[in-house]
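What follows is a short report on a single structure.
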Amino acid sequence: MASIEEISNAVSVCKKCDLHLFRKNAVCGAGPEKARYMIIGEAPGYLEDEKGLPFIGRSGKLLDSVFTVLGVNRATLFITNAVRCRPGMNKTPSTKEIKTCSNYLKEEIETISPSVIIPMGNVALRALGYVFGKKFPKISEVSGKVIKLGDFLIHPQFHPAAILRNPKKKVYFLEGLRQAFSPASYSKEEIEPKYVEI
Ligand code: URA
Ligand code: SF4
């Protein structure tokens, strides 16, 4: 099994899809090797590409504000993306790009073995689908729900950029993450009806 350092080294020099043509820096997943929680975003934005770090721009600031409210220490989480190079013109990554880059996500999940995976937005959900060989429903159908897949609890959420575009959804986003970060406080009976069969 590859270490996170080995995966990150491979990502840094990866040219497996055309997105490498546009990047300044590939953005590797960040966080401890044995994190209990993994957050998956879509793709690096301008600042992330500049600095090579995930979620440090506007979406990252929104996440940080939610972490503060929930008392979550960001340093304990593993934060990664569906694709690790910034798409030119901020485009949505193509199916081929998501599929190609999902190999790194698969390796990160194998190495970290998180209990809870939080894919944010449709692109993250699709990447996770390639990792598990499943087709998940659209994020609008499963955000805020809990999907049990083997040993993993998957808590899909809208992407923070969607929340920034529609601030009315902020409370919904906050409550979805509150549930994701406190699965132990939910009894089996309470969780079961929220599982989505896929
Ligand atoms: N949006 C993402 O999906 N990922 C980042 O790292 C930053 C913004
Ligand atoms: Fe490699 Fe992923 Fe970057 Fe494509 S987006 S070049 S697969 S690291």
(request) Could you list all residues from segment 123-140 that are in contact (Cβ under 8 Å) with a residue 40 or more places away in the chain and closer than 17 Å to Val83 by Cα? (result) Val123, Ala124, Arg126, Ala127, Leu128
(request) Within segment 99-124, work out how many residues are within 12 Å of ligand 1 (Cβ to nearest atom) and touching a Pro at 6+ places or on another chain (Cβ under 7 Å). (result) 3
(request) Taking only segment 85-118 into account, find how many residues are within 12 Å of ligand 2 (Cβ to nearest atom) and among the aliphatic types (A, V, I, L, M). (result) 2
(message) Suppose we filter Leu19, Leu77 for residues that are more than 15 Å from the chain's Cα centre (by Cα) and either within 16 Å of ligand 1 (Cβ to nearest atom) or open to solvent by less than 10 Å² (accessible area, probe 1.4 Å) (or both); which single one remains?
(response) Leu19
(request) Take segment 60-74 and flag every residue that is within 20 Å of Leu164 (Cα to Cα), open to solvent by 20 Å² or more (accessible area, probe 1.4 Å) and small (Gly, Ala, Ser). (result) Ser65
(request) Sort out for me the helices (runs of 4 or more DSSP H) sitting completely within segment 68-181 that have 2 or more residues that are closer than 25 Å to Lys15 by Cβ and at pLDDT 95 or above. (result) 95-112, 122-132
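The values are calculated or read from the model by the stated rules, or taken from the named source; none is laboratory data. Being a predicted model, the structure only gives us computed values, none of them experimental. Cβ sites come from the backbone with ideal geometry, for glycine too, and all protein chains shown count toward neighbours. Each accessible area value is taken on the protein alone, full model and side chains, heavy atoms only, with ligands, DNA and RNA left out. Shrake-Rupley method; radii C 1.70, N 1.55, O 1.52, S 1.80 Å.
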